[in-house]
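Enquirer: Quick one: this structure, given as structure tokens, is what I'll be asking you about.
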Amino acid sequence: MSDKLNDLLSDWLDDGEPKPTGTQDAVIDQSSEAAADSLLVHGLLVDEARRDDAREARSLLSVMERIDAADDAKSVTIAETSRPSRRRRFAILTSALTIGAAVLVMLGLLGPPQNVSAAMASLEKVIDAAAKPFDRTYSVSVIEEYPRGKKPRNLSQEAWEREAEEEIDGATLFVSGANQFVLSVMLRSGIMRTIGCDGKVSWAFRENGPVHVSTDLSRFRGGVPGGQQDLPFMNMHANLSQLRSGYEVELKDKEDVANDGTILSQLVGVRQSRDVRGPKRIDIWFDANSGTVHRILLDGLPRGRGGPKSVMLELEDQSDLPSGFFSHGAHHEPGKRIRYEDRQR
């Protein structure tokens, strides 16, 4: 074989191997077939080497081009054979991601609304139960006082130094329906003050003064826990719209047990804005079957009129009260002077 043919063949045989595009077995088979083709070509060329160099060189180039073309076709076939597997893997991955995204979307869209719906349904049940004319007796206790050494930034010094006139810790609250209640509290002066509402008029008196009466049913509620913040417990039914719009209400999963064995569910209302008048947080433990409230915690009460930070009301009794109990005449001696706040009678 001439030097020109040998150089041409050596250069072709020493050329870089194509990058594998299929599986390892396919690459090995491809290399073996290429080596066999090369040996066959080499033998044919050796046999014909003694002929015209220029013509043989052209023939060699033609043969190598055909072999290269065949190798390229095999590479394409191997690559195409591997594509379906990659396509299947890609399809599986895409489907998994799509399903996962759909699940997240469903949890995001369906989970919170379902919880909110359950909370609002429970709140409606509590409000409906509070509106029913059933007599209930609650004890009132102070859970936490505001620390005297830490004045809120937005509270004036005068308001900070002001102390609540009523000593509500240990008081008893009687309620029936949406607009009937009686609460007696001891003033810091040692005088008893009683306030109430019979559903037609509200009233208040001190043991050493006249009875004040008004047709404004919320006129004397300043001494009731939460009353000055527009969320008195005894009138939650009337304040449903504010509780729903001003608070984010959540129904807790954990249950509690009352002293009488009643299973209690818990609602938590968190104030959404400072613009909303009322406690920062309201916790309500209620009978999930009847809606009757057994405990209510008013936490973060505003300090505008002094008073505690948080107050708890707990159900003590559900016995019927005497007829006329929510009228002021049932709570003072006959002949006490009556003063009507809004009109003469």
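So that you can scan it fast, the table gives a plain yes or no per residue for (1) under 25 Å from Gly269 (Cβ atoms); (2) modelled with pLDDT under 90:
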site: Ala96; (1), (2): no, yes
site: Leu104; (1), (2): no, yes
site: Lys125; (1), (2): yes, no
site: Arg153; (1), (2): yes, yes
site: Gln157; (1), (2): no, yes
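Enquirer: When the residues of region 180-211 are filtered to those that are open to solvent by 50 Å² or more (accessible area, probe 1.4 Å) and in contact with a strand residue (DSSP E or B) (Cβ under 7 Å, 6 or more places away or on another chain), which remaining residue is nearest to Glu316 (Cα to Cα)?
Expert: Gln180
So that you can scan it fast, the table gives a plain yes or no per residue for (1) surrounded by fewer than 21 Cβ atoms within 10 Å (Cβ to Cβ); (2) out of contact with any Phe, Trp or Tyr (no Cβ under 7 Å at 6 or more places or on another chain):
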site: Gln266; (1), (2): yes, no
site: Arg281; (1), (2): yes, yes
site: Ser290; (1), (2): yes, yes
site: Leu298; (1), (2): no, yes
site: Gly307; (1), (2): no, yes
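The values are calculated or read from the model by the stated rules, or taken from the named source; none is laboratory data. Quantities reported herein were computed from a predicted structural model and do not represent experimental measurements. Reconstructed Cβ throughout: ideal geometry from the backbone, glycine too, with neighbour counts over all protein chains shown. Ligands, DNA and RNA are stripped out before the accessible areas are found, and what is left, the full protein with its side chains, is counted by its heavy atoms. Shrake-Rupley method; radii C 1.70, N 1.55, O 1.52, S 1.80 Å.
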